[in-house]
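**Student:** Take a look at the following structure, please.
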Amino acid sequence: MPFTPFHFGHALPFCFLDWKKNRIDLLSALLASVIIDARATYIFLFHLNAPFHGILHNFFMATILGILIGLLMQVTQKWWNPLLKKIDLEQHSSLIGKVAIALLMSWIHVFLDATIYPEMNPLWPFQSGNFFFGLLSSGQAYTICMFGFIISCVQIVGYYFYRNLRKEHDSDALLRQQGEYQQNLLSISKSKTND
Ligand SMILES: [Zn+2]
């Protein structure tokens, strides 16, 4: 995919599948969906004369990067979580959960790119050539990512709606309000019996 941020489109719907945030790690998914383009971005930014889809655009390197991202996110979770908590997205997934979603996202990146770039070698170092080329048209690959953005927008609205409902349900303020209401009812009924 020439424009890296499009890859967030295939990651975001997975991020918001787990509303309790204890299975699918949001940051592992997002980072793993774009890390494959790290080298391509470097080449693009510094105008280097090298192919965009090089050493990182294959399933072998995607597997190594996916595992490394899962480990990195597990170790650094304590630093990210205070920030994520501010937008009600604190993560609690296990290391296995992080590695699993990171692998899936990095593999999807390689697969989508491989369907539209003939020069890639997705099975390197075991086999050269690109058997995935042509499985999707460029338009279809972009549509999948765009569709992912649309789905995730709906999910995000649903997520915050659900979280707010739970908060309102649990909140101390609501309990206090209910207590005061009951007190008022009691005092009204008492005054009526006194009359
Ligand atoms: Zn790519």
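**Student:** Which value results for Rg/Rh of segment 102-195 when Rg is the Cα radius of gyration and Rh the Kirkwood radius based on the inverse mean 1/r?
**Tutor:** Numbers: Rg = 29.1 Å, Rh = 18.7 Å.
Taking Rg over the Kirkwood Rh, I get 1.56.
**Student:** Pick from Leu26, Leu83, Leu45: which residue has the top mean-square fluctuation in a GNM of the chain where Cα pairs under 10 Å get a spring?
**Tutor:** Checking each option, the largest mean-square fluctuation is seen for Leu45.
**Student:** I'd like the trypsin sites (Lys or Arg not before Pro) in segment 3-62 restricted to DSSP loop residues with at most 11 other Cβ atoms within 10 Å, sorted by number. List each step's numbers first, then the result.
**Tutor:** On the way: sites: Lys20, Lys21, Arg23, Arg39; in loops: Lys20, Lys21, Arg23.
Listed in order of number, the matching sites are Lys20.
**Student:** Additional query: Anyone know which of Gln178, Gln155, Gln140 comes out most mobile in the 10 Å Cα GNM of the chain?
**Tutor:** Gln178
**Student:** Follow-up question, since we're still on this one. About its Cα centre, how strong a charge dipole does segment 4-194 have in debye, to the nearest 20, once Lys and Arg get +1 and Asp and Glu get -1 at the Cβ?
**Tutor:** Dipole size: approximately 740 debye.
**Student:** Volume per residue, Å³, of the convex hull around the alpha-carbon atoms of segment 1-53?
**Tutor:** Details: hull volume 3.4 nm³, N = 53.
Spread over its residues, the Cα hull of segment 1-53 gives 65 Å³ apiece.
**Student:** Then there's this: Considering only Leu165, Leu175, Leu95, give the residue with the highest GNM mean-square fluctuation for the chain, with springs between Cα atoms whenever their separation is below 10 Å.
**Tutor:** Fluctuation is largest for Leu175.
**Student:** Sticking with this structure for a sec: Pairs of lysines 8 or more apart, or on different chains, with alpha carbons under 15 Å: count those in the chain, would you?
**Tutor:** Total qualifying Lys-Lys pairs in the chain comes to 11.
**Student:** By how many nm would the segment from Thr41 to Ile150 grow when fully extended, if each residue of separation counts as 0.36 nm and the alpha-carbon distance is taken off? Provide the component values of the computation, followed by the final result.
**Tutor:** Details: separation 109, 0.36 × 109 = 39.24 nm, distance 2.52 nm.
Residue separation times 0.36 nm, minus the Cα-Cα distance, leaves 36.7 nm.
**Student:** After finding the eigenvalues of the alpha carbon gyration tensor for the chain, what semi-axes result from the square roots of 5 times each, listed largest first in whole Å?
**Tutor:** Working: eigenvalues 491, 58, 33 Å².
For the chain, the semi-axes come out at 50, 17, 13 Å.
No value in this document is a laboratory result; all are computed from the given coordinates. Just so it is clear, the model here is predicted, and its values are computed rather than measured. Neighbour counts run over all protein chains shown; Cβ positions are idealised from the backbone, glycine included.
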